[in-house]
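To keep things clear, I will list the structure first and then write my remarks on it.
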Amino acid sequence: MKLQAVRGFKDWLPEDFAKYEYLIELAKNILKTYNYKEIKIPILEKTELFVRSIGEFTDIVQKETYTFQDRNKEFLTLRPEATAGICRMIIERGLFINPKPLKFFTIGPMFRHERPQKGRLREFFQINVELFSPLNPHIEAELIFLAMEILKAPFSFQEKGKNIYTLELNSLGCPKCRIKYKEDLLKFLEKNREKLCETCKERIIKNPLRVLDCKNEVCKEVVSKSPVITEYLCKDCKDHLISLKEILDFIDIKYVENPRLVRGLDYYVRTIFEIKAKGLGAQDTVAAGGRYDYLLEELGGPYLPAIGFAIGLERWAISIFGDEEKRGILDSKNFLEKLNPDLFIILLGKELLKRGVKLATFLRKKGVRCEITYEEKSLKAQLKNADKLSAKYSLILGEEELKKRSAILRDMRKSIQESIDFKDWEDLSVKVFEKIKNEI
Ligand code: ATP
Ligand code: MG
């Protein structure tokens with residue numbers, strides 16, 4: 001039987017890694033200037049954590065988790081998202097007593113058993129950003145600004161692409177204002193019950209808000225006439241939303257209000273948002289987030305309001321670099337070039353091969369990306385090899401050259417070469433580095 005990866009689990013080849021690493025580095029650098037601290041939480045948690053936080057009757061918990069019993073018969077789940085784990089960490093490690101705001105980010109894989117398609121995987125990576133601090137619309141506006149800043153960072157030197165992201169905003173209200181809304185929504189859904197898909201029929205009783213999130217076209221049509229939460233907000237929630245919008249206007253963040261926007265997780269309250277990218281097709285939400293003021297308390301910690309968001313790394317990358325079907329805004333060629341060796345070292349003769357490691361080490365210590373095959377081949381064959389590997393330069397040394405203390409540096413792209421006289425290996429590495437440093 002042919003061995004294959006698990007469906008929806010993707011390999012990252014070097015060219016994928018180059019793009020993802022570039023995006024992750026950009027995000028990390030921005031997050032650090034906002035004083036977010038990087039953490040790592042486990043990939044595996046007790047199933048109960050996700051049932052209690054995400055909600056028993058959400059799609060994620062009911063249909064999408066990878067849950068199993070381990071050898072001790074304990075129920076464990078591969079994390080489908082990071083917020084629950086971060087809250088567990090804060091409670092377990094007593095971090096809630098630390099000065100506020102608490103600001104964390106974590107980058108890693110999430111697992112959801114969904115139907116794989118473009119932009120939808122079963123193992124996908126998220127950049128998660130979470131902030132714990134007393135309720136304040138300024139903090140929220142800044143967090144949304146940060147999400148946008150990260151997403152747009154790859155375009156910082158060019159105008160094109162700056163408008164591909166749109167922010168959608170809504171308030172889900174607090175548990176108080178949701179009571180009346182849920183009642184009216186329920187009435188509306190009961191009236192339209194027969195038109196809804198089978199899953200939504202079940203959702204009516206278990207979790208009526210979820211019907212608003214159904215991707216089924218008929219359900220979408222029904223729901224487009226449903227009551228909206230924004231008309232049920234209590235004074236506090238309304239004022240909060242108004243302040244947030246004022247600040248967003250002031251800091252020049254454009255948004256579209258979508259009163260039917262809901263999220264697939266139960267813990268969200270008040271502000272929620274999604275950032276969509278043009279040209280991504282059906283899976284166009286690149287980042288999503290919102291407030292979860294009561295989650296920490298519900299999991300056994302103190303009351304501490306919080307807000308966060310997650311960027312889907314793969315979707316973010318598609319929105320920038322495109323994919324097999326569509327060219328992106330940025331050309332990934334530059335990234336692929338970075339993977340090529342700066343220097344291919346060609347040593348001719350057994351005696352010289354032995355010294356290869358020493359020479360390469362000096363150059364590598366200077367940051368030169370060196371390749372060396374330690375093969376006893378002719379100069380012609382070796383140069384062909386250097387070409388195939390797209391090396392920028394080759395350094396050629398034979399017994400004769402060694403005696404004369406003179407090596408040949410060949411520019412592979414221009415097909416020109418020059419001699420470099422040297423005293424010892426270190427001297428040679430310094431001289432080679434000086435020659436090529438502007439192009440590596
Ligand atoms: P969707 O509506 O697309 O299913 P979601 O509401 O389930 O998304 P969140 O839980 O809010 O998504 O996750 C935040 C981000 O993580 C999404 O905006 C998306 O970029 C990414 N994401 C979520 N699920 C997947 C997946 N199965 N494959 C790839 N990326 C995903
Ligand atoms: Mg989903």
Any residue at all in the range 107-118 that's away from ligand 2 (no atom under 16 Å from the Cβ) and either among the β-branched types (V, I, T) or out of contact with any Lys or Arg (no Cβ under 8 Å at 6 or more places or on another chain) (or both)? yes
Please work out if G356 is modelled with pLDDT of 95 or more, buried (at least 16 other Cβ atoms within 10 Å of the Cβ), over 21 Å from E25 (Cα atoms) and more than 13 Å from ligand 1 (Cβ to nearest atom). no
Could you run through the range 220-237 and say how many residues are touching a strand residue (DSSP E or B) at 6+ places or on another chain (Cβ under 8 Å) and not polar (S, T, N, Q)? 3
Tally up the residues in the range 332-346 that are surrounded by fewer than 18 Cβ atoms within 10 Å (Cβ to Cβ), without any contact (Cβ under 8 Å) to a residue 60 or more places away in the chain and in a loop (DSSP other than H, G, I, E, B), please. 1
Tell me which of these L186 doesn't satisfy, since it passes every other one: (1) crowded, with 18+ Cβ neighbours inside 10 Å; (2) touching a Pro at 6+ places or on another chain (Cβ under 8 Å). (1)
Residues of the range 53-74 that turn out to be acidic (D, E) and within 16 Å of ligand 2 (Cβ to nearest atom), as a count: 2
Those residues that are assigned to a helix (DSSP H, G or I) and either hydrophobic (A, V, I, L, M, F, W, C) or within 17 Å of F124 (Cα to Cα) (or both), I need them from the range 45-58; list them, please. L49, F50, V51, I54
Top-ranked residue of the range 413-440 - restricted to ones that are closer than 20 Å to A360 by Cβ and of a type in the set (V, I, T), ranked as surrounded by the most Cβ atoms within 10 Å (Cβ to Cβ): V432
Contacts under 7 angstrom Cβ, first residue in the range 112-137 being closer than 21 Å to Y268 by Cα and without any contact (Cβ under 8 Å) to a residue 60 or more places away in the chain, partner away from ligand 2 (no atom under 12 Å from the Cβ) and among the hydroxyl-bearing types (S, T, Y), 6 or more apart: none
Looking only at the range 282-293, filter to residues that are outside any strand (DSSP E or B) and away from ligand 1 (no atom under 11 Å from the Cβ); which one of those is surrounded by the most Cβ atoms within 10 Å (Cβ to Cβ)? Y292
Inter-residue pairs, beta-carbon under 8 Å, first farther than 20 Å from L135 by Cβ and in the range 165-187, second polar (S, T, N, Q) and surrounded by fewer than 20 Cβ atoms within 10 Å (Cβ to Cβ), 6+ apart: E168/N258; L185/S226
Note on S394: of the conditions (1) farther than 16 Å from L352 by Cβ; (2) at pLDDT 95 or above; (3) surrounded by 12 or more Cβ atoms within 10 Å (Cβ to Cβ), unmet is (1)
Of the residues that sit in the range 337-353 and are at pLDDT 95 or above and of a type outside the set (A, V, I, L, M, F, W, C), which one is farthest from L409 (Cα to Cα)? P341
Counted residues, the range 89-119 - those being within 18 Å of the chain's Cα centre (by Cα), at pLDDT 95 or above and assigned to a strand (DSSP E or B): 9
Only residues that are polar (S, T, N, Q), in a loop (DSSP other than H, G, I, E, B) and closer than 23 Å to G289 by Cβ: list them for the range 160-210, please. N163, N207
With respect to the numbered conditions (1) modelled with pLDDT under 95; (2) closer than 21 Å to H138 by Cα; (3) β-branched (V, I, T), which one is the sole condition not fulfilled by I307? (1)
Does I150 satisfy the criteria of being of a type in the set (A, V, I, L, M), in a strand (DSSP E or B) and within 17 Å of the chain's Cα centre (by Cα)? no
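The values are calculated or read from the model by the stated rules, or taken from the named source; none is laboratory data. Here the structure is a predicted model, which is why all the values come from computation and not from measurement. Quick reminder, even Gly has a Cβ in these numbers, built from the backbone with ideal geometry, and neighbours come from all protein chains shown.
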